[in-house]
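Just so it is clear, none of the values below were taken in a lab; they were calculated from the coordinates. These numbers were taken from a predicted model, which means no experiment stands behind them. Note that we place each Cβ from the backbone using ideal geometry, even for glycine, and neighbour counts take in every protein chain shown.
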Amino acid sequence: MATLKAVRGTRDLLPPDTALWNHVEATARAVFARYGFGEIRTPIFEETTLFARGVGEETDIVSKEMYTWEDRGRAEGSSGQSLTLRPENTAGVVRAYIEHKMADTGMLQKLFYIGPQFRRERPQRGRYRQFWQIGAEVLGPAWSGSDSALRDAEVLEMLATFLNELGVKGWKLELNSVGSSTDRPRYLEALREALAPVKHLLCEDNQRRAETNPLRVLDSKEPGDQEIINNLPKIADYLDDASKEHFAQVLAALDACGVPYAINPRLVRGLDYYTRTTFEFTVPDGSGLGTQNALLGGGRYDGLSEMLGGPKAPGIGFAIGEDRLILTLQAQAGEATAKKLDAFIAPMGVAQNALALALAQELRRAGLSVEVGDGSFRLKKSFDAADKLARQMIILGEDEAASGVLTVKNFNKGEQTKVARAELVEALRG
Ligand code: AMP
């Protein structure tokens, strides 16, 4: 029989790696809480229309990467519904914002999420078909201050703090402004004009993008097209005064907080809903990501709520690629090693098994991490297992059971001592 494997592009996360995943998520929860964020959990699948409208029909995500199916109606003849595994979480959060009438509170909403996303991309290191994102959104009616440049800078400063607390080395923040919905058409017009005479020189993908979505040409990493792309008009020259002022305020606030950044005029990002500030954090080569060096990305989306049929609700958000963050931390710190347990109890005969389990119960209740061997093990086997799993081994034989004095072997120190049962917890903590 053919052996069953995890589907291409998906993977199992196993210990000891999962300890690092939990540490990253705990750090995110702790840092985000200090900035007033609360957690939101939206469904893993939504109506396909949500992503078609929210992310944009012309994006790679919607046009070719979504897992979509027709959900059959229960009753014969009842119509089906097109559903999609979420390829990102911003559209879902904004749908929830509208559905739960969060605008009615008049307050700024600060929401974060942690969860899997699904895109049918070509799998490689740092790119999966099921991957995890840690993201956050700040949105609300304009009078809640949701369109203020202060919010953009606050989110960026929070991300810098988060990466620093995790100990990510060498991260770089690149940002840009892609203007408002009024700047965009003027820029697109200029871009189309500049592309018209050179379009035939571009690669096939970029020729198509030049037609359907010229902004995407700027994203392209195709080596042969770089010279043409570098000479295309820059969006900064097409921003109206309000967008320019907004961007200047973001930069001034970042300066005030001492967050380093670089402006990248080509950073337009892959999703259609972005307005004004867009950004990406990357890590240097050699950080374990290969060519996928974008750790996280995000931006402002002042028109998204209205695009989804909701009230005007300017907002800004980001999504961190958790898989990539973990790969980076592992590459920068060396391979993850399992944290050792405090103690391994080795019963010296099957008759001591019950006592061993009772002792483990007592130690675990005292907060120690403990594994129990088995009375059928030879002493050598107990030693080998204990050495792999734990810092210390407790020998529990007939004598020890009778006298209440236990033998404790400390593997780090290489010494063996006798410890009275009453002092055991203290001694093991050591
Ligand atoms: P996006 O939602 O496309 O703006 O992506 C935000 C972040 O999610 C990226 O910077 C990546 O770190 C991560 N990401 C996007 N797609 C994938 C994928 N297929 N596999 C792993 N991480 C991804």
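Let me test this: with uniform point scatterers at the alpha carbons of region 343-429, what is the Debye-based log₁₀ I(q)/I(0) at q = 0.17, 0.18, 0.21, 0.23 1/Å? For region 343-429 at q = 0.17, 0.18, 0.21, 0.23 Å⁻¹, log10 I(q)/I(0) is -0.59, -0.67, -0.95, -1.18.
Straight Cα distances below 29 angstrom link Lys418 to the lysines Lys339, Lys340, Lys380, Lys381, Lys388, Lys409, with same-chain residues fewer than 8 positions distant left out.
A straight Cα-to-Cα reach below 12 Å connects Lys172 with the aspartates and glutamates Glu280, Asp285, residues fewer than 8 places away in its own chain not being considered. The peptide list 122-132, 191-201, 293-303, put in order of mean Cβ contacts within 10 Å with the highest first, becomes 293-303, 122-132, 191-201.
If you find the alpha carbon centre of region 347-401 and of region 181-239, how far apart are they in angstrom? Cα centres, region 347-401 to region 181-239: 68 Å. Could you work out how far apart the two model spin labels at Asp255 and Val198 are, taking each label as a point 7 Å from the Cα in the direction of the beta carbon, and quote it in nm? If labels sit at Asp255 and Val198, their model points lie 3.2 nm apart.
Per DSSP H run of at least 4 residues, take -39500 (n - 2.57); add these up for the chain, divide by its residues and hand me the 222 nm value, nearest 500 deg cm²/dmol. One gets -10500 deg cm²/dmol as the mean residue ellipticity at 222 nm. Look at the alpha carbon pairs under 8 Å that are at least 6 residues apart: their mean separation over the length of the chain gives a relative contact order of 15 percent. Working note: Debye formula, equal point scatterers on the alpha-carbon atoms of the chain, no solvent; log10 I(q)/I(0) at q = 0.06, 0.07, 0.08 Å⁻¹ is -0.37, -0.48, -0.59. Here's the picture: charge each Lys and Arg Cβ at +1 and each Asp and Glu Cβ at -1 in the chain, and of Leu195, Ala427, Leu355 the one pushed furthest to the positive end of that dipole is Leu355. Per residue, the average separation of C-alpha pairs within less than 8 Å and at least 6 apart gives region 343-429 a relative contact order of 30 percent.
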